[in-house]
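Each remark here refers to the structure printed beneath this line.
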Amino acid sequence: MSHIVTIQTEVRDVAGINAACTRLQLSQPILGNHQLFTNTVHGWAVQLTDWRYPIVCQTDTGHIEYDHFQGRWGDPQRLDQFLQAYAVEKAKLEARKRGHTAIEQPLADGSIQLTIHTGAQAI
C-alpha cells in the first residue's frame, strides 16, 4: 500500500538538525545566544552557506529565527534546502527508530521521494 504525505516542518530535534547540517556539508549547530543584526536570540545556530547571520532553531517551539534582509544577506533557497534536508533526515531517523528502512530518490523538480519500508510493505 502506498501513501503520499506532505510534511509541514517544525524544527524540534537536535539530532535532525545535526543530520541536516552533515547532509548539506555545513558546520554543526551551536547552542547559545546568537546575534541576528540588532537582535540576540537563543537556540541552535546553523550557519547557512553565504548567509551573513545564522538561522537559529528554537527546538521548544519548532520555529526558526533569522535575518536575511529580504534576500540581501542570504539566499532564501538555502533555508529551503535546510528545511528539506531536516525533514528528510528526521523522517529517516524516526523510521530507523521503529526498525524500518528508508529509501530516498531525488526527483527532477528538486523534491525528494522518501519510501519507508516496514517489513515487506512500503508506506
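For the stretch 84-102, how many residues are closer than 19 Å to Ile30 by Cβ and not acidic (Asp, Glu)?
In the first step, residues of the stretch 84-102 are kept if they are closer than 19 Å to Ile30 by Cβ; the result is 85-86, 89.
Cutting the leftovers down to not acidic (Asp, Glu) gives us 85-86.
The qualifying residues number 2.
Test Gly32 against the stated conditions and say whether it is touching a strand residue (DSSP E or B) at 6+ places or on another chain (Cβ under 9 Å), crowded, with 18+ Cβ neighbours inside 10 Å, farther than 25 Å from His117 by Cβ and among the small types (Gly, Ala, Ser). Walk me through how you get there before you give the answer.
On the way: touching a strand residue (DSSP E or B) at 6+ places or on another chain (Cβ under 9 Å): yes; crowded, with 18+ Cβ neighbours inside 10 Å: no; farther than 25 Å from His117 by Cβ: yes; among the small types (Gly, Ala, Ser): yes.
Taking the combined requirement at face value, the residue does not satisfy it.
All but one of (1) more than 20 Å from Leu93 (Cβ to Cβ); (2) open to solvent by 60 Å² or more (accessible area, probe 1.4 Å) hold for Glu10, so report the exception by its number.
Of (1) more than 20 Å from Leu93 (Cβ to Cβ); (2) open to solvent by 60 Å² or more (accessible area, probe 1.4 Å), only one is false for Glu10: (1).
Among the residues of the stretch 36-65 satisfying the criterion of being hydrophobic (A, V, I, L, M, F, W, C) and in a loop (DSSP other than H, G, I, E, B), which is most open to solvent (accessible area, probe 1.4 Å)?
Looking only at the stretch 36-65, we keep the residues that are hydrophobic (A, V, I, L, M, F, W, C), and these are 36-37, 41, 44-46, 48, 51, 55-57, 64.
Within this subset, residues satisfying the condition of being in a loop (DSSP other than H, G, I, E, B) are 37, 48, 51.
Details: Phe37: 105, Leu48: 6, Trp51: 15 Å².
So, considering only residues that are hydrophobic (A, V, I, L, M, F, W, C) and in a loop (DSSP other than H, G, I, E, B), the one most open to solvent (accessible area, probe 1.4 Å) is Phe37.
Filter the stretch 66-123 down to the residues that are within 30 Å of Asn33 (Cα to Cα), under 18 Å from the mean Cα position of the chain (by Cα) and not in a helix (DSSP H, G or I) and list them by number.
Matches in the stretch 66-123: Tyr66, Asp67, His68, Gly74, Asp75.
Among the residues of the stretch 93-123, write down those that are of a type in the set (Gly, Ala, Ser) and modelled with pLDDT of 90 or more. I'd like the intermediate steps shown before the answer.
Initial filter on the stretch 93-123 (of a type in the set (Gly, Ala, Ser)): 95, 99, 102, 108, 110-111, 119-120, 122.
Listed by number, the residues that qualify are Ala95, Gly99, Ala102, Ala108, Gly110, Ser111.
The values are calculated or read from the model by the stated rules, or taken from the named source; none is laboratory data. These numbers come from a predicted model, not from an experiment. Please note: Cβ atoms are built from the backbone with ideal geometry, for glycine as well, and neighbour counts cover all protein chains shown. Just so you know, the surface numbers come from the protein's heavy atoms only, side chains and all, with ligands and any DNA or RNA stripped out. Shrake-Rupley method; radii C 1.70, N 1.55, O 1.52, S 1.80 Å.
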